[in-house]
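The values are calculated or read from the model by the stated rules, or taken from the named source; none is laboratory data. Here the structure is a predicted model, which means the values were calculated and not measured. Ideal geometry is used to build each Cβ from the backbone, glycine not excepted, and the neighbour counts take in all protein chains shown. Note: areas computed on protein heavy atoms with side chains; ligands, DNA, RNA excluded. Shrake-Rupley method; radii C 1.70, N 1.55, O 1.52, S 1.80 Å.
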Amino acid sequence: MTRYTSATDSDRREMLAAIGVEGTAELFEQIPERLRLGRPLAIPDGMGEAEVFERLAALAGRNRHAESEVCFIGAGMYDHYVPAIVDAITQRSEFLTPYTPYQPEISQGGLQVMFEFQTAMSELTGLPVSNAGLYEGPSSVASAGYLAMGATGRQRVVSRGVHPHSRETLATYSAGFGAEVEEVGLDGGLTDAAALVRAVNGETAAVFLQSPNFLGAVEDVEALGEAAREHGALLVVAVDPMTLGVLRPPGEMGADIALGEGQPLGNRLDFGGPSFGFFCAKEEHLRRMPGRIAGETEDVDGRRGFVLALQTREQHIRREKATHNICTAQALNALAGMVHLAWLGREGFRELGELLVQRTAYARERLAGVQGVSLLHEAPVAREFALELDAPVDAVLDMCADRGIAAGYPLGREYPEHENGLLVAITERRTKEQIDRLAEALEEAIFQSGSVGATAGAAP
């Protein structure tokens, strides 16, 4: 039987006879009647291969994606250019097919990639230890919360300005350990420093920051981290890897842990995933870090080689000592990130960061000059910024979409106080001409939305 051929009636009779039952109904006798459906599933009859192809093609055609429109949506996932060399290397069978490299003697290529990825992330973040990758950014943040509770013996964490998905994941993890997550608000787009100082105390396990934060503002991590250091809490900083060519690395600003979403490195949007997370820390946290760490060694003949040096997964060590259940760790996605970094090189990575800053500055000034648009905050930004619209943001986004432009992310979904807020992201794919098109589209959409609203509210 192939994977494309279903079991025939004859096959089913043979299988039932082999296990000694008369029919499939006997297989469900242990399930109470009240829990059974009692009728066939309400699904249509099967279709031929050509019909299935046409049906799936029609469904796929309803999707809007970054290749079919000009995309200014960011909020954690970005429309960066992925060079052809990424696919050329990641689609090689030796990288595409292997699972966990349990046998180093036949897994040197995969282990070397892990080691080089760790080296690159350590250099970018300014911290000495990196793991080989995690599932994505939010679970990396939650893993840092677990590490912090284990390292400090405390049960309270503080976070705000961090990506909403990361905060939700952190809260979910923390609830299982009876930990309290307290969120500190924003002031002028930045973490409220005075409120943070009031919130942190001797029971705080960690302070979570993100820079640039979700509203695009570059935080003063070093100054904000003083509250954590004063009370012996860990400082955890989520970062956008694409900004680390121009911003100070978190390790230089006192971070104990730096982590984030790796999608901008070598990974396309792909309708939301998969991607990978990265996690770097000071050396004293090495044995509590989640995931896997590849190490360099020598074989019996003195040749350079690589091994899985540390795994905190419960399958490999005593369960009570385990700190994570990460296994595959999105190694293929992390490889794509490593190839992208190698393709850019040190200077190319810095130049890309400078390009993002320059184009973002132009876009911010250009869009803020549109009638009906204002800056949500005036804090410094790197590659993303927030606007306030004088019109319903959803209506404006729909009108821009009709012109082939994904204008940004509506902030009201996550921040009700910014009901008509719009988060706009810039990548190296967004040109000056496209930014000007966005400005024109916003101006027209806001005017039309205002006209519609005025007409709807006018007296008969």
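Below are the figures for this structure:
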| read-out | value |
| --- | --- |
| Residue match in the stretch 198-213 (condition: open to solvent by 10 Å² or more (accessible area, probe 1.4 Å) and hydrophobic (A, V, I, L, M, F, W, C)) | no |
| Single residue of Glu67, Glu22 found to be within 30 Å of Gly404 (Cβ to Cβ) and in a loop (DSSP other than H, G, I, E, B) | Glu67 |
| Given (1) open to solvent by 70 Å² or more (accessible area, probe 1.4 Å); (2) acidic (Asp, Glu); (3) under 27 Å from Phe276 (Cα atoms), index of the condition Glu69 fails | (1) |
| Count of residues meeting criterion [open to solvent by less than 30 Å² (accessible area, probe 1.4 Å) and under 22 Å from the mean Cα position of the chain (by Cα)] in the stretch 410-445 | 12 |
| Residue within the stretch 90-112 that is at pLDDT 95 or above and in a loop (DSSP other than H, G, I, E, B) present | no |
| Selected residue (criterion: modelled with the highest pLDDT) from residues of the stretch 249-293 that are in a strand (DSSP E or B) and farther than 30 Å from Ala223 by Cβ | Ile293 |
| Test set (1) modelled with pLDDT under 95; (2) surrounded by 14 or more Cβ atoms within 10 Å (Cβ to Cβ) - Lys321 fails condition number | (2) |
| Residue ID - most open to solvent (accessible area, probe 1.4 Å), chosen from residues in the stretch 117-136 that are within 24 Å of Met253 (Cα to Cα) and at pLDDT below 95 | Glu136 |
| Count of residues meeting criterion [touching a residue at least 60 places away in the same chain (Cβ under 8 Å), β-branched (Val, Ile, Thr) and in contact with a Ser or Thr (Cβ under 7 Å, 6 or more places away or on another chain)] in the stretch 224-279 | 1 |
| Residue, farthest from Leu387 (Cα to Cα), within the stretch 171-191, restricted to residues that are open to solvent by less than 40 Å² (accessible area, probe 1.4 Å) and either at pLDDT 95 or above or in a loop (DSSP other than H, G, I, E, B) (or both) | Ala179 |
